[in-house]
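Scroll down for the structure; my scribbles are underneath it.
The values are calculated or read from the model by the stated rules, or taken from the named source; none is laboratory data. The structure presented is a predicted model; accordingly, all values stated were derived computationally and were not measured. All Cβ positions, glycine included, derive from the backbone under ideal geometry; neighbour counts span all protein chains shown. Calculation scope for accessible area: heavy atoms of the full protein, side chains included, ligands and nucleic acids excluded. Shrake-Rupley method; radii C 1.70, N 1.55, O 1.52, S 1.80 Å.
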Amino acid sequence: MGRISRTKSYAIASSIVQENQQQTPPSITCTTFNILAPIYKRLNHEDQSCRESDYKACWLTRNQRILDWLLYERSSIICLQEFWIGNDEFVNLYDKRLGDAGYINLKLGRTNNRGDGLLIAVQKEYFTVVNHKELHFNDCGDRVAQLLHLELAFPFSQCQNSDVRHEILIVNTHLLFPHDSSLCLVRLHQVYKILQYVESYQKEYQLKPLPIMLCGDWNGSKRGHVYQFLRSQGFVSSYDAAHHYTDADAHKYLLRRASLTERDAFAFLKVDNEDCITYSGFCEALRQLNLIGHCHGLSAEETKDLWVQADINGNGVIDYKEFLQQIWNSTGSDQRDDKNGQHDDEANDSEEDQTIGFNVKSAVFFPPEVEKSRWPEDYSLSDHARLTVVFSPTRMSCHPPK
């Protein structure tokens with residue numbers, strides 16, 4: 001049986017490959033692609049004001065080719081960024097071609113009429129749309145995110161005689177580009193808001209653990225704070241899972257550096273020389289890290305929420321054991337729970353709630369040269385590569401959050 005990782009009320013399907021499944025379930029595919037809005041595509045490097053949006057023949061031809069590729073792949077889920085939502089003819093082009101191919105299209109424009117936005121398209125034959133929510137960050141980047149609640153339909157619901165739930169949450173977003181170091185914190189703040197919103201949605205609709213798929217243009221790398229934060233919350237890169245990459249060469253979120261041990265980090269956080277971390281010391285450490293105390297920083301409420309998550313016994317201080325479990329190695333608790341509870345999980349498997357999960361079968365970039373850090377000169381569809389991931393649905397036991 002596959003595994004669901006627990007992070008508060010989150011439930012994320014692991015990428016553990018099932019080697020002894022009795023039958024091979026059908027696959028679903030997800031493509032995420034920043035298609036480069038015509039209002040941003042420069043046609044003349046010497047004249048920065050010359051944009052593709054001024055030349056209909058150019059943007060129409062390029063986006064017809066984009067649609068040709070998308071419809072050739074026919075992914076079950078398509079998540080697009082920099083979708084030119086401010087042009088009706090452009091929007092109608094995608095609505096018509098995707099709609100004729102059996103997709104349901106859901107769009108969201110950036111705030112303050114920035115002209116571009118997001119689109120999620122899902123195949124009707126595979127999914128029923130339960131809900132679609134819009135998240136406006138209302139920050140300096142006018143960024144937004146989509147939350148889509150789906151129920152899997154035929155042909156994935158083979159287990160009609162069981163209590164297996166066939167629901168999934170999809171997030172599509174495009175984070176702010178970090179033009180300078182201060183904006184990296186804005187991106188981290190945006191991701192934090194996304195996870196808060198997902199959690200509040202699950203609580204509002206009283207959802208039990210279910211898979212969460214985060215898609216989009218994150219404008220960052222594996223060494224960035226956004227990636228490390230998502231990993232600390234139990235999320236796994238589908239591309240890394242497919243290619244068996246690990247985090248061995250990546251820095252730990254916020255505190256782990258090549259020369260910084262867990263003892264060093266603990267000493268840094270307990271700035272008031274106590275044997276444990278106090279809330280005042282925690283806030284002072286965040287201030288020194290430039291995470292609070294300015295307009296782009298965490299709010300007082302968000303800082304308090306981080307503290308509550310770290311102070312697991314609620315006694316107002318964080319001892320060394322809590323620090324190791326909740327801050328330094330925040331994914332370790334799930335691993336220990338899995339090891340300690342493996343026998344019980346197997347013994348009580350039939351009595352536990354079941355949900356659908358996903359194993360990663362493959363993840364491929366196009367153009368393929370980008371996987372080797374090369375950018376082909378003849379590629380003109382976008383200034384980004386598209387990523388397509390193939391998932392294999394599987395039944396998983398879900399554990400309620402503790």
Test: F266 is modelled with pLDDT under 75, among the aromatic types (F, W, Y) and open to solvent by less than 50 Å² (accessible area, probe 1.4 Å): yes
Residues located in the range 33-47, provided they are assigned to a strand (DSSP E or B) and not aromatic (F, W, Y): N34, R42
Tabulated pairs, the range 40-51, first without any contact (Cβ under 8 Å) to a residue 24 or more places away in the chain, second among the basic types (K, R) and assigned to a loop (DSSP other than H, G, I, E, B), C-beta under 8 angstrom, 6+ apart or interchain: R51/K41
Verdict on Q64 being at pLDDT 95 or above, more than 22 Å from H132 (Cβ to Cβ) and not acidic (D, E): yes
Given (1) within 20 Å of L60 (Cα to Cα); (2) modelled with pLDDT under 90, number of the condition F156 does not satisfy: (1)
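With respect to L291, is the statement that it is in contact with a helix residue (DSSP H, G or I) (Cβ under 9 Å, 6 or more places away or on another chain), open to solvent by less than 50 Å² (accessible area, probe 1.4 Å) and modelled with pLDDT under 75 true? Before you say what the answer is, go through the steps one by one.
Details: in contact with a helix residue (DSSP H, G or I) (Cβ under 9 Å, 6 or more places away or on another chain): yes; open to solvent by less than 50 Å² (accessible area, probe 1.4 Å): yes; modelled with pLDDT under 75: yes.
Yes.
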Residue match in the range 132-145 (condition: of a type outside the set (S, T, N, Q), in contact (Cβ under 8 Å) with a residue 60 or more places away in the chain, crowded, with 22+ Cβ neighbours inside 10 Å and part of a strand (DSSP E or B)): yes
Residue, nearest to the chain's Cα centre (by Cα), within the range 348-400, restricted to residues that are small (G, A, S) and either open to solvent by 20 Å² or more (accessible area, probe 1.4 Å) or at pLDDT below 85 (or both): G357
Answer residue from the range 176-197, given it is modelled with pLDDT of 90 or more and open to solvent by less than 20 Å² (accessible area, probe 1.4 Å) and is nearest to R231 (Cα to Cα) among those: L195
Any pair with Cβ under 7 angstrom, 6 or more apart, that starts in the range 371-391 at a residue that is over 21 Å from F83 (Cα atoms) and ends at one that is part of a strand (DSSP E or B) and aromatic (F, W, Y): E371/F365; F391/F358
Any pair with Cβ under 6 angstrom, 6 or more apart, that starts in the range 86-113 at a residue that is at positive phi and ends at one that is assigned to a helix (DSSP H, G or I): none
Complete set of residues in the range 77-103 that are buried (at least 23 other Cβ atoms within 10 Å of the Cβ) and part of a loop (DSSP other than H, G, I, E, B): W84
Residue pairs meeting the criteria (Cβ under 6 Å; at least 6 apart or on separate chains; first among the charged types (D, E, K, R), in the range 301-323; second open to solvent by 50 Å² or more (accessible area, probe 1.4 Å)): E322/I312
